[in-house]
1. Using a basic spin-label model with each label point 7 Å from the Cα along Cα→Cβ, how many nm lie between Leu110 and Glu22?
2. Over the chain, with a Gaussian network built from C-alpha contacts below 10 Å, which listed residue (Leu42, Leu100, Leu61) shows the highest mean-square fluctuation?
3. Can you work out the PRE-style zone for Asp4? Point 7 Å along Cα to Cβ, and I want the residues of segment 74-115 with backbone N under 14 Å.
4. Report the Cys residues of the chain lacking a disulfide-compatible partner, meaning no second Cys Cβ under 4.7 Å from their Cβ.
5. As a test question: what accessible area, to the nearest 10 Å², does His101 have when a 1.4 Å probe is rolled over all protein chains in place?
6. As I understand it, the value is the acute angle between the Cα axis of helix 59-75 and the longest principal axis of the Cα atoms of the chain; what does it come to in degrees, rounded to 10?
7. Would you calculate a helix-derived [θ] at 222 nm for the chain, using -39,500 (n - 2.57) for each DSSP H run of n ≥ 4 and dividing by the full residue count, to the nearest 500?
8. If you take all C-alpha pairs in segment 6-97, what percent of them are over 16 Å apart?
Amino acid sequence: MTVDCLFCKIAAGQIPAVIVYEDEKIIAINDINPAAPVHVLLIPKEHIASLADINEQHSPLLAHIQLIASKLAKDLKITEQGYRLVNNCGIWGGQTVLHLHYHLLGGRELSWPPG
Ligand code: 5GP
Ligand code: ZN
(Lines give C-alpha, C1' and ligand atoms only; values in the text may rest on other atoms or scores of the structure.)
(Ligands and ions follow the chains in the order given, each with its own letter.)
Protein backbone atom coordinates (compact mmCIF):
# COMPACT_ATOMS: atom_id res chain seq x y z
CA MET A 1 0.00 0.00 0.00
CA THR A 2 1.23 3.48 -0.91
CA VAL A 3 0.59 6.14 1.71
CA ASP A 4 -1.60 9.00 0.47
CA CYS A 5 -2.94 7.03 -2.49
CA LEU A 6 -6.75 7.28 -2.68
CA PHE A 7 -7.31 3.87 -4.29
CA CYS A 8 -4.83 2.13 -1.95
CA LYS A 9 -6.87 3.53 0.94
CA ILE A 10 -10.17 2.41 -0.61
CA ALA A 11 -8.73 -1.06 -1.30
CA ALA A 12 -7.58 -1.23 2.35
CA GLY A 13 -11.03 -0.22 3.61
CA GLN A 14 -9.76 3.06 5.06
CA ILE A 15 -12.01 5.19 2.83
CA PRO A 16 -15.57 4.01 2.19
CA ALA A 17 -16.82 3.05 -1.26
CA VAL A 18 -19.71 1.09 -2.73
CA ILE A 19 -18.00 -2.25 -3.42
CA VAL A 20 -19.56 -4.27 -6.23
CA TYR A 21 -16.86 -6.98 -6.32
CA GLU A 22 -13.76 -7.93 -4.35
CA ASP A 23 -11.24 -10.76 -4.34
CA GLU A 24 -7.61 -11.16 -3.28
CA LYS A 25 -6.30 -9.30 -6.34
CA ILE A 26 -8.78 -6.53 -7.15
CA ILE A 27 -11.65 -4.43 -5.91
CA ALA A 28 -14.47 -3.00 -8.03
CA ILE A 29 -16.38 0.05 -6.78
CA ASN A 30 -19.01 2.44 -8.06
CA ASP A 31 -17.47 5.69 -9.33
CA ILE A 32 -18.31 8.59 -7.00
CA ASN A 33 -19.10 10.80 -10.03
CA PRO A 34 -20.69 8.43 -12.53
CA ALA A 35 -20.41 9.27 -16.23
CA ALA A 36 -23.02 6.65 -17.18
CA PRO A 37 -25.81 4.69 -15.43
CA VAL A 38 -23.23 1.93 -14.83
CA HIS A 39 -19.79 3.29 -13.93
CA VAL A 40 -17.63 0.81 -12.06
CA LEU A 41 -13.91 1.20 -11.35
CA LEU A 42 -11.83 -1.99 -11.38
CA ILE A 43 -8.77 -1.43 -9.22
CA PRO A 44 -5.85 -3.78 -8.50
CA LYS A 45 -5.04 -3.96 -4.79
CA GLU A 46 -1.35 -3.69 -5.67
CA HIS A 47 -0.26 -0.09 -6.15
CA ILE A 48 0.67 0.38 -9.81
CA ALA A 49 0.72 4.05 -10.81
CA SER A 50 -0.54 3.64 -14.38
CA LEU A 51 -0.62 1.41 -17.44
CA ALA A 52 2.78 2.90 -18.28
CA ASP A 53 4.20 1.07 -15.24
CA ILE A 54 3.22 -2.51 -15.97
CA ASN A 55 5.57 -5.34 -16.91
CA GLU A 56 5.27 -9.02 -17.89
CA GLN A 57 4.66 -10.01 -14.27
CA HIS A 58 1.40 -8.05 -14.31
CA SER A 59 -0.05 -10.05 -17.22
CA PRO A 60 -2.15 -12.43 -15.05
CA LEU A 61 -3.50 -9.47 -13.07
CA LEU A 62 -4.47 -7.58 -16.22
CA ALA A 63 -6.13 -10.67 -17.68
CA HIS A 64 -8.00 -11.14 -14.40
CA ILE A 65 -9.30 -7.55 -14.53
CA GLN A 66 -10.72 -8.10 -18.03
CA LEU A 67 -12.30 -11.39 -17.00
CA ILE A 68 -13.99 -9.80 -13.98
CA ALA A 69 -15.06 -6.79 -16.07
CA SER A 70 -16.79 -9.17 -18.48
CA LYS A 71 -18.47 -11.02 -15.59
CA LEU A 72 -19.57 -7.79 -13.90
CA ALA A 73 -21.01 -6.50 -17.17
CA LYS A 74 -23.18 -9.65 -17.33
CA ASP A 75 -24.21 -9.27 -13.67
CA LEU A 76 -25.08 -5.60 -14.27
CA LYS A 77 -27.05 -6.54 -17.40
CA ILE A 78 -25.19 -4.24 -19.82
CA THR A 79 -23.79 -6.98 -22.05
CA GLU A 80 -26.67 -7.15 -24.52
CA GLN A 81 -26.62 -3.41 -25.30
CA GLY A 82 -22.86 -3.12 -25.03
CA TYR A 83 -20.42 -1.26 -22.85
CA ARG A 84 -16.91 0.16 -22.71
CA LEU A 85 -13.84 -0.76 -20.64
CA VAL A 86 -11.50 2.23 -20.45
CA ASN A 87 -8.08 2.99 -19.04
CA ASN A 88 -6.95 6.61 -18.86
CA CYS A 89 -3.16 6.77 -18.81
CA GLY A 90 -1.19 9.90 -18.00
CA ILE A 91 -2.01 13.56 -18.35
CA TRP A 92 -3.24 13.61 -21.94
CA GLY A 93 -5.09 10.35 -21.35
CA GLY A 94 -7.13 12.08 -18.66
CA GLN A 95 -5.83 10.10 -15.67
CA THR A 96 -6.57 11.93 -12.42
CA VAL A 97 -5.92 9.18 -9.83
CA LEU A 98 -2.39 7.80 -10.08
CA HIS A 99 -3.26 4.20 -9.21
CA LEU A 100 -4.07 1.93 -12.17
CA HIS A 101 -7.80 1.44 -12.73
CA TYR A 102 -10.25 0.60 -15.50
CA HIS A 103 -13.64 2.22 -16.01
CA LEU A 104 -16.55 -0.09 -16.88
CA LEU A 105 -19.15 2.16 -18.48
CA GLY A 106 -22.61 1.18 -19.69
CA GLY A 107 -26.33 1.72 -19.45
CA ARG A 108 -26.43 4.37 -22.18
CA GLU A 109 -25.13 4.70 -25.74
CA LEU A 110 -21.54 5.94 -25.66
CA SER A 111 -20.15 8.21 -28.35
CA TRP A 112 -16.90 7.74 -30.26
CA PRO A 113 -14.30 9.17 -30.51
CA PRO A 114 -13.98 10.25 -26.88
CA GLY A 115 -13.32 13.89 -26.13
P1 5GP B 1 -9.33 8.80 -13.91
O2 5GP B 1 -9.72 10.21 -14.24
O3 5GP B 1 -8.05 8.75 -13.10
O4 5GP B 1 -9.30 7.87 -15.09
O5 5GP B 1 -10.49 8.22 -13.01
C6 5GP B 1 -10.60 8.49 -11.66
C7 5GP B 1 -12.04 8.24 -11.28
O8 5GP B 1 -12.10 8.12 -9.87
C9 5GP B 1 -12.99 9.36 -11.68
O10 5GP B 1 -14.01 8.85 -12.54
C11 5GP B 1 -13.55 9.86 -10.34
O12 5GP B 1 -14.91 10.20 -10.43
C13 5GP B 1 -13.31 8.67 -9.43
N14 5GP B 1 -13.12 9.01 -8.03
C15 5GP B 1 -12.35 10.04 -7.54
N16 5GP B 1 -12.38 10.02 -6.20
C17 5GP B 1 -13.19 8.99 -5.83
C18 5GP B 1 -13.62 8.49 -4.56
O19 5GP B 1 -13.26 8.98 -3.49
N20 5GP B 1 -14.44 7.41 -4.58
C21 5GP B 1 -14.86 6.82 -5.75
N22 5GP B 1 -15.68 5.77 -5.64
N23 5GP B 1 -14.48 7.28 -6.96
C24 5GP B 1 -13.64 8.35 -7.00
ZN1 ZN C 1 -2.30 3.15 -4.77
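1. With each label point 7 Å from Cα toward Cβ, the separation is 2.6 nm.
2. Residue with maximal mean-square fluctuation among Leu42, Leu100, Leu61: Leu61.
3. Output list for this probe position: 98.
4. Within the chain, the cysteines lacking a partner Cβ under 4.7 Å are Cys89.
5. Its accessible surface works out to 10 Å², give or take rounding.
6. 40
7. It lands at -6500 deg cm²/dmol.
8. Details: 2386 of 4186 pairs.
Above the 16 Å cut-off, segment 6-97 has 57 percent of its Cα pairs.
The values are calculated or read from the model by the stated rules, or taken from the named source; none is laboratory data. Computed from a predicted structure; not experimentally measured. Here the Cβ is made from the backbone with ideal geometry for all residues, glycine too, and neighbour counts use every protein chain on show. Just the protein is used for accessible areas: all its heavy atoms, side chains included, with ligands, DNA and RNA removed. Shrake-Rupley method; radii C 1.70, N 1.55, O 1.52, S 1.80 Å.
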